[in-house]
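Note sheet for the following structure.
The values are calculated or read from the model by the stated rules, or taken from the named source; none is laboratory data. Model, not experiment: these values are computed from the prediction. Neighbour counts run over all protein chains shown; Cβ positions are idealised from the backbone, glycine included. For the accessible areas, the whole protein counts, side chains as well, though only heavy atoms, and no ligand, DNA or RNA atoms are used. Shrake-Rupley method; radii C 1.70, N 1.55, O 1.52, S 1.80 Å.
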Amino acid sequence: SRRLRHSGKVPAILYGAHAEPVRLSLEHHKLLPLVADEKFYSSIISVNVGAQKQPVIVKDVQMHPARNAIVHLDLQRVLENEKIRLHLPIHFRGAAAAPGVKTQGGVVSHHMADMEVVCLPKDLPEYIELDLSAMSLNDTLYLTDIKVPAGVTISALAHGANPPVVSIHAPRVAEPEPTAEAAAAPAEGAVAAAPA
């Protein structure tokens with residue numbers, strides 16, 4: 001693996017689809033711009049293995065802790081008749097038009113940025129969209145409020161969980177720091193002591 005990295009390659013493992021795992025080496029300079037794009041993690045991509053093209057999904061990307069370099073990649077083969085499990089990004093739209101933000105002065109809090117879905121490869125969306133335009137102050141949308149395309153299921157809901165995804169709340173106001181003048185001023189109703 002170290003020799004591969006020094007020669008500008010990224011070691012990778014390809015597994016799944018009832019076949020033996022295969023070790024691969026990928027071109028680092030071609031891979032680096034791809035990992036910066038969210039589509040890379042939520043799409044079926046094609047990898048050349050010898051003379052054969054293999055549809056795969058990215059299961060894990062290990063980055064170097066200090067440098068902008070890919071250390072290792074995990075890829076899973078995709079079969080058209082077998083469901084895949086993948087994290088998809090959530091795209092929030094309509095926040096500026098939401099009454100809770102536009103007229104009530106609220107602030108949007110995102111509790112989740114992505115979610116895991118299960119579906120057949122043909123049903124895989126690129127992302128999940130959530131419309132916030134009808135939300136008012138103190139409203140919260142949960143996983144059950146997300147509409148997913150036909151054939152797609154949200155894994156957390158299948159296990160009985162329904163966490164919040166996004167909410168609109170009043171902005172937090174910082175308490176003003178007491179000033180030296182305010183501390184020196186007598187409390188209301190207090191009688192000032194007469195000079196001796």
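Among the residues of the range 57-64, none qualifies, meaning not one is on the phi > 0 side of the Ramachandran plot and in contact with a helix residue (DSSP H, G or I) (Cβ under 6 Å, 6 or more places away or on another chain). In the range 103-129, of all residues being more than 25 Å from residue 17 (Cβ to Cβ) and part of a strand (DSSP E or B), the one that is least open to solvent (accessible area, probe 1.4 Å) corresponds to 128. Restricting attention to the range 89-102, and to residues there that are touching a Ser or Thr at 6+ places or on another chain (Cβ under 8 Å), open to solvent by 40 Å² or more (accessible area, probe 1.4 Å) and not in a loop (DSSP other than H, G, I, E, B), which single residue is nearest to residue 56 (Cα to Cα)? Per the criteria, the residue is 93. Looking at the range 64-83, which of the residues that are in contact (Cβ under 8 Å) with a residue 24 or more places away in the chain and of a type in the set (A, V, I, L, M) is farthest from residue 21 (Cα to Cα)? Among those that are in contact (Cβ under 8 Å) with a residue 24 or more places away in the chain and of a type in the set (A, V, I, L, M), it is 69.
Restricting attention to the range 41-72, report how many residues are of a type in the set (Ser, Thr, Tyr) and open to solvent by 40 Å² or more (accessible area, probe 1.4 Å). Final tally of qualifying residues: 2. Among the residues of the range 23-40, the ones that are closer than 27 Å to residue 125 by Cβ and either open to solvent by 80 Å² or more (accessible area, probe 1.4 Å) or acidic (Asp, Glu) (or both) come to 7 in all. From the list 75, 86, the one residue that fits, being in contact with a Cys (Cβ under 9 Å, 6 or more places away or on another chain) and either open to solvent by 80 Å² or more (accessible area, probe 1.4 Å) or not in a helix (DSSP H, G or I) (or both), is 86.
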